[in-house]
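The values are calculated or read from the model by the stated rules, or taken from the named source; none is laboratory data. Everything numeric here is computed off the predicted structure, so don't read it as measured data. Glycine gets a Cβ as well: all are built from the backbone with ideal geometry, and neighbour counts include every protein chain shown. With ligands, DNA and RNA removed, areas are computed over all heavy atoms of the protein, side chains included. Shrake-Rupley method; radii C 1.70, N 1.55, O 1.52, S 1.80 Å.
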Amino acid sequence: MVKAEDIKKSFGSLEVLKGINLHIGKGEVVSIVGASGAGKTTLLQILGSLDKPTTGRVYIDGTDLSTLNERDMSDFRNKHIGFVFQFHQLLPEFTALENVMLPALIGGKSKREAEKEAHELLEFLNLAERADHKPSEMSGGEKQRVAIARALINHPSVVFADEPSGNLDSHNAEELQRLFFSLREKYGQTFIIVTHDMHLASMCDRMIKIKDGLVEE
C-alpha cells in the first residue's frame, strides 16, 4: 500500500532523513517511533504527500506521488489519504456532522450522500448524539473521534495519524488505541501512526523505529 524508496530530506544544511526505505502492506497498522528530532513527523508528512522529499520516491497504492501535478495531488489526497492530527483541527463554527461531511463535499459527493455516510461513521464511533454539537461542546476524546470520522469519510486507502493520542488523557488514549483496530477490521484501511506512546506502538502489527534519520533495524 505504501512504499518509500531512498527518502532523503534536508532543511538547508540539516539532513533530517538520510535514506528511508519502507514497505507497508494493505491493512497493516504500523507505528513509527523514535526520539524527538529523529524525523518521524517529517517522514509522515512526506509519506502522506504534505511535504516533498529532497530526493527519493513515495508510492501509495501503486501511484508514484512525484508524477502528480498540484491539482492531481490534491485530488489524489482527498480520495485516497486520511489524516488525524494530535490537535483535532475541527472547524469551530461547524457541527460534528458538518466537519465530517466536509471532505466528502469537497470530493464531489452530494450533500445527501455525504450526510448519510457522516451519520453512519458517527454512529459507528458512538457519536450519534453529538452530531449537532460544535467542537466547543464536546470532550477531547469526542473531538478526536470526530476528526477520525472526517479522515474516513472518503474511504481512504491509508490513514496517517500524527501523535493522535498525545492530547488525550489515559482513558481516551486507550479508547483511541482500540478504535484503530476496530476500524481496520470494519473498513480494511492501512494505518500509519507516529507516536511517543509505546503502549499504542507495541499494539500495532509492526513498529518502525527512526534513529538519526534512518530506519533502525
| request: Could you tell me whether any residue of the stretch 119-130 is on the phi < 0 side of the Ramachandran plot, in a loop (DSSP other than H, G, I, E, B) and within 15 Å of the chain's Cα centre (by Cα)? | output: no
| note | When (1) modelled with pLDDT of 90 or more; (2) within 19 Å of L50 (Cβ to Cβ); (3) assigned to a helix (DSSP H, G or I) are applied to F160, the one that fails is (3)
| task | Please indicate, with yes or no, whether at least one residue in the stretch 193-212 is open to solvent by less than 10 Å² (accessible area, probe 1.4 Å), out of contact with any strand residue (DSSP E or B) (no Cβ under 7 Å at 6 or more places or on another chain) and of a type in the set (G, A, S). | result | no
| Of the residues in the stretch 118-129, how many are open to solvent by 30 Å² or more (accessible area, probe 1.4 Å) and modelled with pLDDT under 90? | 4
| field | Checking L47 against (1) at pLDDT 90 or above; (2) within 17 Å of the chain's Cα centre (by Cα); (3) open to solvent by 40 Å² or more (accessible area, probe 1.4 Å); (4) under 30 Å from F11 (Cβ atoms), the condition it does not meet | value | (3)
| Single residue of the stretch 84-96 satisfying the filter (touching a Lys or Arg at 6+ places or on another chain (Cβ under 9 Å) and outside any loop (DSSP other than H, G, I, E, B)) that is surrounded by the fewest Cβ atoms within 10 Å (Cβ to Cβ) | V84
| task | Could you run through the stretch 175-217 and say how many residues are among the basic types (K, R), assigned to a helix (DSSP H, G or I) and under 19 Å from I60 (Cβ atoms)? | result | 1
| request: Considering each of E142, E163 in turn, give the residue that is crowded, with 16+ Cβ neighbours inside 10 Å and at positive phi. | output: E163
